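Have a look at the structure below, then the notes.
The values are calculated or read from the model by the stated rules, or taken from the named source; none is laboratory data. Being a predicted model, the structure only gives us computed values, none of them experimental. All Cβ positions, glycine included, derive from the backbone under ideal geometry; neighbour counts span all protein chains shown. Just so you know, the surface numbers come from the protein's heavy atoms only, side chains and all, with ligands and any DNA or RNA stripped out. Shrake-Rupley method; radii C 1.70, N 1.55, O 1.52, S 1.80 Å.
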Amino acid sequence: MNQTTIAREVKGVGIGLHKGEPINIKLEPLEAGNGIVFYRSDLGISYEAKPENVIDTQMATVIGDHRGYVSTIEHLMSAINAYGIDNVRIVLNANEAPVMDGSSIGFCMMLEEAGIKELDEAKKILVIKKTIEVKEGNKFVRLSPTNMPIINYTIEFDNPIIGKQNYCFEFSKENYINEIARARTFGFLKDVQALRAMNLGLGGSLENAVVIDDNRILNPEGLRFKDEFVRHKILDAIGDLTLLGFRVFGDYTSYAGSHKLNHLLTKELLKDFGAYEIVSLEKNTHKIYEKVFA
C-alpha cells in the first residue's frame, strides 16, 4: 500500500471544450509526496491540485491565480483517483484540459498506457470521522463516516428526458471503469447556444456531450446508460473530491450537487480538524482500507 505514480510518460491531443482548439496533454511521473500538479507549458506556471487553488466552479472546476488558470480538470482528476495515482504531473499548452469524448474513459486509456509504478513511501488516505454537509436551498452535498465508501447521488431536472435519477456507487477501480467512466457530460441546446454567444463552448459537439433539446436527445447514438446523467455527476464529484489531496474513505451523498458545492464541502471539511484523519497505509493498517484502495 505505497504511493504510486505512472510508470512512463504518455501524450495525447484533444479539443478544448470552450475554445474549440486542439490541446496537447502529457502525463509525467512524479516522486512520492508531490501530489497532482498541473503545468501550463505555454506560461511556465505550475498549479497544485488543491482546494485553495480553486478560483472558479461555475461551469467546471478551475484552478489558478492572477497569472493564469487551468479549467475543466474534474474528468481527468476523476480518472486519476480511480486508478489510485497519488503523484503525477499534467502538462498542458492551453488554459483547459481537453474534453475528450465528454467522459473520463479517454483519460483512463491514457493511464492504462502509462501503467502504474509503486514508490517507496506509504500511501495516505483521508478518513472521514464526522459528518460534514453543505447546503444551498434544497441542494446539498455531504461526507460522512463509513465502513465501505458509497456515493449516493440524486439529481432532479424539470425535463422529461432526465427527470429524477438516483445512483448508488460502491467505489472501486473496476466498478468505476464499468459503471462511471463512460458517462458523458450533458447540456441543453439553449444553454449551448448561450455559451457560444459568449464565445464559450466552442469545442462542444455531439462528439463530446449529450445534448438535449426540450424532450429529445440530439445525439444519434442515444445514451450509453439509461441513467447516464446521474452517473456523470458521480464522475464529476469523484474528480472534485480528489483536490483534497488524498483518496477519501467516507460516504458521499448528494441531492442536486454541483462543482460549487463540492468545492465548499472540501473547504468546510479541512476547516474542521476533528472531522477527518490522515491515515498512512503501512503494515498492520486496518484491512478494510487496503480492500478499498488497493
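The set of residues from segment 151-162 being outside any loop (DSSP other than H, G, I, E, B) and surrounded by fewer than 16 Cβ atoms within 10 Å (Cβ to Cβ) comprises ASN152, GLU156. Looking at SER258, SER254, just one residue is of a type outside the set (Lys, Arg) and open to solvent by less than 10 Å² (accessible area, probe 1.4 Å), and that residue is SER254.
Which ones in segment 261-273 are of a type in the set (A, V, I, L, M, F, W, C) and open to solvent by less than 50 Å² (accessible area, probe 1.4 Å)? Scanning segment 261-273 gives LEU261, LEU265, LEU269.
Condition first: under 26 Å from PHE229 (Cα atoms), open to solvent by less than 40 Å² (accessible area, probe 1.4 Å) and part of a loop (DSSP other than H, G, I, E, B). Can you find one or more residues in segment 75-84 that meet it? Yes.
Selection over segment 203-228 of residues that are in contact with a Leu (Cβ under 9 Å, 6 or more places away or on another chain), at negative phi and modelled with pLDDT under 90 gives a count of 2.
Checking the stated criteria, LYS11 turns out to be of a type outside the set (Gly, Ala, Ser), more than 30 Å from LEU223 (Cβ to Cβ) and more than 19 Å from the chain's Cα centre (by Cα).
Residue-by-condition table, conditions (1) out of contact with any helix residue (DSSP H, G or I) (no Cβ under 8 Å at 6 or more places or on another chain); (2) modelled with pLDDT under 95:
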{"residue": "GLY257", "(1), (2)": "no, no"}
{"residue": "LYS267", "(1), (2)": "no, no"}
{"residue": "TYR276", "(1), (2)": "no, no"}
{"residue": "LEU281", "(1), (2)": "no, yes"}
{"residue": "ILE288", "(1), (2)": "yes, yes"}
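For residues in segment 1-35 being among the hydrophobic types (A, V, I, L, M, F, W, C) and touching an Asp or Glu at 6+ places or on another chain (Cβ under 8 Å), which is surrounded by the most Cβ atoms within 10 Å (Cβ to Cβ)? So the residue we want is LEU17. For segment 200-221, a tally of residues being open to solvent by less than 20 Å² (accessible area, probe 1.4 Å) and in a loop (DSSP other than H, G, I, E, B) returns 6. Here segment 54-71 is the region considered, the condition is being outside any strand (DSSP E or B) and touching a helix residue (DSSP H, G or I) at 6+ places or on another chain (Cβ under 7 Å), and the residue that is surrounded by the most Cβ atoms within 10 Å (Cβ to Cβ) is THR61.
Considering segment 163-199, and only residues there that are part of a loop (DSSP other than H, G, I, E, B) and open to solvent by 50 Å² or more (accessible area, probe 1.4 Å), the residue that is modelled with the lowest pLDDT turns out to be ASN199.
Of all residues in segment 120-147, those being touching an Asp or Glu at 6+ places or on another chain (Cβ under 7 Å), closer than 24 Å to GLN3 by Cβ and open to solvent by 40 Å² or more (accessible area, probe 1.4 Å) number 1. With the requirement that a residue be assigned to a loop (DSSP other than H, G, I, E, B) and open to solvent by 20 Å² or more (accessible area, probe 1.4 Å), what does segment 36-53 give you? If the condition is that a residue be assigned to a loop (DSSP other than H, G, I, E, B) and open to solvent by 20 Å² or more (accessible area, probe 1.4 Å), then SER41, ASP42, LEU43, GLY44, LYS50 are the ones that fit.
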